[in-house]
Amino acid sequence: MLDSLSSSLKDALKKIAGKTVVDRAAVEELVRSLQRALLQADVNVKLVMQLSQSIKRRALEEEPPKGMNVREHVLRIVYQELVGLMGGAGKVELAPQTILMAGLQGSGKTTTTAKLARYFQRKGLKVGLICADTFRPGAYSQLATLAKKINVPIFGDPNEKDALKIVREGMKHFAGAQVRIIDTQGRHALEDELIEEIVNINEIARPDHRWLVIDAALGQQASEQARRFNDAIGIDGVLLTKMDGTAKGGGALSAVSETKSGIVFVGAGETIEDLERFEPDGFISRLLGMGDLKALAEKAEEVIADGDMDVNAIMRGKFTLRDMYKQLEAVNKMGPLKQVMSMLPLGGLQIPDDAYDVTSTKMDRYKVIMDSMTNAELDDPQVISGSHVQRISRGAGVSPDDVRELLKYYRTMQRALKGMRGSKFSMQRMMKRFGKMQ
Amino acid sequence: MFEGLRNKLQSIREKFGTSIRDAAGSDVREVEKPVEAPSPAPQPETVSAPVLPEAPKVAPAEPERVVPAPVKTVPVEPKKPEGIFSRVRSFVIERELVISEKDIEEPLTDLEMVLLENDVALEVSDAILAYMREDLVGKHRKIGSSVDDIVSTALRGALLKVLGDGFDLPAYIDSHERPVKILVTGVNGTGKTTSIAKMAHYLMGQGYSVVLGAGDTFRAGAIEQIEEHGRRLDVKVIHHQEGSDPAAVLFDTVDYAKAHGIDVVLADTAGRFHNRKNLMNQLDKIRRVVKPDLVVYVDEAVAGNDAVVRAKDFNDLVGTDAVMLTKADMDPRGGAAISIAQTIGKPILFLGTGQAYDDIVPFRPEAVVDELLGVEK
Ligand SMILES: Nc1nc2c(ncn2[C@@H]2O[C@H](COP(=O)(O)OP(=O)(O)OP(=O)(O)O)[C@@H](O)[C@H]2O)c(=O)[nH]1
Ligand SMILES: Nc1nc2c(ncn2[C@@H]2O[C@H](COP(=O)(O)OP(=O)(O)O)[C@@H](O)[C@H]2O)c(=O)[nH]1
Ligand SMILES: [Mg+2]
Ligand SMILES: [Mg+2]
């Protein structure tokens with residue numbers, strides 16, 4: 001479903017790509033598939049409507065800048081509008097501060113509290129955690145267990161029912177800490193008493209930040225909930241959690257637009273280390289279910305280098321170790337292969353996962369091994385027999401298994417490229433891009 | 001719950017009514033008829049859905065109907081609240097009518113917007129629209145049919161189709177060998193553990209004995225959480241330590257139930273994402289060890305489109321027999337209920353409507369549709 005959606009977006013983009021002038025029907029079709037993609041990603045319906053209006057208007061009214069084709073022009077507008085809506089990443093200072101966590105039940109506040117503690121601890125700041133969730137069974141032991149894992153002190157009392165008292169005492173207790181993070185119980189917009197509780201906590205603690213924790217799967221409720229929290233305590237940042245699932249996080253966009261704040265961190269896993277700074281570009285790509293728009297534009301230009309990889313030969317099925325060597329070098333410059341490939345609008349192209357599975361240390365080793373090969377071997381890896389493997393491994397100072405692993409990787413890549421030739425997307429265009437990258 | 005959707009559906013129904021009346025042209029007559037029940041409550045907040053030009057389009061219309069004579073529009077009166085034996089106005093058509101796709105294109109688009117805004121997933125709202133189209137388009141409508149009936153019957157049918165059947169848990173328990181083993185699954189933080197406590201409370205209220213299995217051995221504080229529920233409800237909780245094998249704890253729980261003649265085993269599991277292969281395999285192993293009678297999948301009413309994706313994966317990978325939908329108190333829309341039910345074609349067992357043990361409501365599709373359509377009993 002999701003894939004078919006993003007591919008309809010890609011189809012619409014393809015149609016636009018063929019045009020030399022901006023064509024109303026094509027733009028409308030594009031905007032429609034864009035709408036569906038955003039709705040599917042749980043972006044607020046009204047926001048989606050506003051957004052698509054202005055994208056349509058700009059696409060039709062604005063002249064494409066010189067040297068930009070229609071497709072790039074429209075994509076750029078889509079990208080700019082989305083970035084405008086998102087307002088960039090929320091700020092984090094590595095300074096003394098108090099952070100108040102707020103959010104719906106089960107959104108990930110406690111886990112994220114521990115992740116943040118880890119983040120600041122790693123930056124060398126002294127952290128103290130206050131457990132102001134006096135309601136949920138096991139809330140204290142959850143936070144205490146997590147805090148213990150990273151040796152961060154926690155203040156709280158599983159038998160105390162008064163959250164305000166805990167906050168009052170906790171703030172005193174951690175007067176000497178640099179970063180104080182207050183975990184609170186979950187609450188929602190319709191629970192007036194609980195909203196009042198967090199208003200009071202906010203007054204007592206006078207936190208520097210009030211961050212709203214949003215589950216990536218949150219649907220159309222996001223706007224309303226965010227509005228209520230914002231009215232109550234003034235939200236100045238959004239923490240987006242559970243991005244390791246399949247949800248797109250459109251609710252966070254609604255929350256950001258409602259609170260006029262930005263996404264600060266993204267949680268993508270259940271362990272304490274699974275916290276990342278927010279990256280607008282990757283987020284937009286995921287929302288739309290297509291390659292990283294901005295990165296595609298920027299990186300493709302950066303790395304246009306010596307195009308001496310024989311694209312035509314590869315298209316005929318001749319992909320030698322030499323080609324792979326160049327490819328590894330280029331990839332080294334650009335980041336992981338998977339990321340590079342995901343930036344290309346390749347449609348439904350299937351590339352086996354193990355083709356991506358090269359770490360940079362492995363890449364370096366591969367290059368060393370290839371340096372020990374003869375020209376004949378590089379041009380035609382078929383000739384490499386058992387004794388060749390022994391010689392190469394001795395020359396490169398690696399084990400024969402390493403050499404065999406390289407050859408296996410080569411065959412995987414070769415197969416992947418062959419598979420591409422058979423598929424229906426334009427091989428020509430793909431290889432041109434591929435070549436351009438090298 | 002469902003108020004938001006209900007209010008909007010009311011205005012959508014009126015739009016369908018207007019479109020169909022327009023299609024019938026002058027051949028529509030206004031009648032008043034006495035009714036025995038109070039008429040539906042007035043809907044003050046009949047906000048119209050955004051009617052936007054580039055809203056997702058329905059399939060192309062079939063041009064088949066003769067264009068009607070200039071429309072004699074009848075103003076859509078807000079229905080006044082009237083007492084029992086009041087009279088409501090309605091419209092009946094006075095010639096045979098075949099509604100075409102084009103006649104209802106606009107209200108269908110509006111309906112789609114309303115459904116989406118209320119968290120009905122895109123593909124599910126597509127399905128509802130398809131049912132509506134199937135029911136309304138191309139069929140002969142007899143002279144004397146009421147426009148409102150045509151519309152409500154179609155909408156009611158479409159909603160019932162997507163909501164599926166209900167599930168009577170006490171009846172199920174009574175007709176099965178004890179202990180009845182219920183395994184609870186779902187992604188992180190949806191309310192599995194709380195729902196287990198609520199189900200225990202509900203079942204004890206119905207006279208059944210229960211035991212809880214602390215099968216979440218992964219999350220920090222999870223065992224303490226379910227133990228605390230056990231203490232408060234005075235229910236036995238079988239647990240091992242954090243990090244131990246969940247299948248083993250749950251196996252012991254079933255053993256305990258057998259040895260003590262307990263009626264129902266409620267087995268908790270750690271939340272996990274459907275895209276984590278190893279965790280889903282682990283859950284499958286748990287299922288093979290526990291051999292549950294029912295796998296209850298828990299998700300929350302505020303989840304958006306991902307609800308459909310994960311419900312489907314859980315169903316495919318470990319199987320789901322019934323669904324519990326939590327946090328319905330957060331969201332008066334309830335669209336996710338509709339989505340999940342439609343997607344996996346499994347009955348919704350309970351709604352969770354708050355954090356107290358009493359906040360659990362058996363789910364009855366007929367009643368939900370009545371509520372959505374403003375029918376009062
Ligand atoms: N996979 C995944 N799980 C997460 C993430 N963040 C939190 N969780 C899980 O989601 C569940 C709820 O997280 P909590 O941190 O307890 O959420 P909370 O907001 O404190 O919940 P309450 O205190 O009950 O309102 C737990 O099972 C967490 O392990 C994440 O980024 N990815
Ligand atoms: N408002 C509301 N909160 C709920 C409901 N069900 C569960 N919760 C809360 O959601 C949070 C996560 O619940 P929990 O049972 O720990 O989820 P689990 O991780 O799936 O076991 C807790 O704070 C619960 O109190 C409900 O129906 N309504
Ligand atoms: Mg918590
Ligand atoms: Mg749990």
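The values are calculated or read from the model by the stated rules, or taken from the named source; none is laboratory data. Model, not experiment: these values are computed from the prediction. Methodologically, a virtual Cβ is constructed for each residue, glycine included, from the backbone with ideal geometry; neighbour enumeration extends over all protein chains shown.
Of note:
- Within the range A:105-118, not a single residue is surrounded by fewer than 23 Cβ atoms within 10 Å (Cβ to Cβ) and over 26 Å from A:Asp215 (Cβ atoms).
Residue by residue, here is whether (1) away from ligand 4 (no atom under 16 Å from the Cβ); (2) surrounded by fewer than 23 Cβ atoms within 10 Å (Cβ to Cβ); (3) of a type in the set (Phe, Trp, Tyr) holds:
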{"residue": "B:Arg219", "(1), (2), (3)": "no, yes, no"}
{"residue": "B:Ala222", "(1), (2), (3)": "no, no, no"}
{"residue": "B:His239", "(1), (2), (3)": "no, yes, no"}
{"residue": "B:Glu242", "(1), (2), (3)": "no, yes, no"}
{"residue": "B:Asp255", "(1), (2), (3)": "yes, yes, no"}
{"residue": "B:His260", "(1), (2), (3)": "yes, yes, no"}
{"residue": "B:Ala270", "(1), (2), (3)": "no, yes, no"}
{"residue": "B:Lys277", "(1), (2), (3)": "yes, yes, no"}
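- So B:Arg219, is it of a type outside the set (Phe, Trp, Tyr), within 13 Å of ligand 2 (Cβ to nearest atom) and over 28 Å from the mean Cα position of the chain (by Cα): yes
- Hey, B:Asp313 under 21 Å from B:Leu5 (Cα atoms), within 11 Å of chain A (Cβ to nearest Cβ) and either surrounded by fewer than 24 Cβ atoms within 10 Å (Cβ to Cβ) or out of contact with any strand residue (DSSP E or B) (no Cβ under 6 Å at 6 or more places or on another chain) (or both) or not: no
For every residue, the table says whether it meets (1) within 15 Å of ligand 1 (Cβ to nearest atom); (2) among the hydroxyl-bearing types (Ser, Thr, Tyr); (3) more than 14 Å from chain B (Cβ to nearest Cβ).
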| position | (1), (2), (3) |
| --- | --- |
| A:His173 | no, no, yes |
| A:Arg180 | no, no, yes |
| A:Glu191 | yes, no, no |
| A:Glu196 | no, no, yes |
| A:Val199 | no, no, yes |
| A:Ala217 | yes, no, no |
| A:Glu224 | no, no, no |
| A:Phe229 | yes, no, no |
| A:Val238 | yes, no, yes |
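- Cβ-Cβ distances below 7 Å connect the following pairs, each with a first residue in the range B:195-215 that is closer than 19 Å to B:Ala259 by Cα, a second residue that is within 16 Å of ligand 3 (Cβ to nearest atom), and a separation of six or more residues or different chains: B:Leu212/B:Ile226; B:Ala214/B:Ile223; B:Ala214/B:Ile226.
- Within the range B:167-209, tally of residues that are in a loop (DSSP other than H, G, I, E, B) and closer than 29 Å to A:Gly245 by Cβ: 7
- Tally of residues being away from ligand 3 (no atom under 16 Å from the Cβ) and within 14 Å of chain B (Cβ to nearest Cβ) across the range A:86-123: 1
- Condition broken by B:Phe350, with the remaining ones in (1) within 16 Å of ligand 4 (Cβ to nearest atom); (2) under 17 Å from the mean Cα position of the chain (by Cα) satisfied: (1)
- Residues that are among the aliphatic types (A, V, I, L, M), at pLDDT below 95 and not in a loop (DSSP other than H, G, I, E, B), drawn from the range B:289-316: B:Ala303, B:Ala307, B:Val308, B:Val309, B:Ala311
- When residues of the range A:264-276 are limited to those that are farther than 17 Å from A:Met101 by Cα and in contact (Cβ under 8 Å) with a residue 12 or more places away in the chain, the one nearest to ligand 3 (Cβ to nearest atom): A:Glu270
- Residues (among the charged types (D, E, K, R), in a helix (DSSP H, G or I), touching a helix residue (DSSP H, G or I) at 6+ places or on another chain (Cβ under 6 Å) and within 9 Å of another protein chain (Cβ to nearest Cβ)) located in the range A:39-85: A:Lys56
- Count of residues meeting criterion [closer than 19 Å to A:Asn230 by Cα and not in a helix (DSSP H, G or I)] in the range A:107-127: 2
- Residue tally, condition small (Gly, Ala, Ser) and either within 13 Å of chain A (Cβ to nearest Cβ) or within 16 Å of ligand 3 (Cβ to nearest atom) (or both), over the range B:318-374: 9
- Hey, B:Phe251 in contact with an Asp or Glu (Cβ under 8 Å, 6 or more places away or on another chain) and surrounded by 15 or more Cβ atoms within 10 Å (Cβ to Cβ) or not: no
- Hey, A:Glu169 of a type in the set (Asp, Glu), out of contact with any Phe, Trp or Tyr (no Cβ under 8 Å at 6 or more places or on another chain) and more than 14 Å from chain B (Cβ to nearest Cβ) or not: no
- Filtering the range B:272-281 for residues that are part of a loop (DSSP other than H, G, I, E, B) and either more than 12 Å from every other protein chain (Cβ to nearest Cβ) or on the phi > 0 side of the Ramachandran plot (or both) leaves an empty set.
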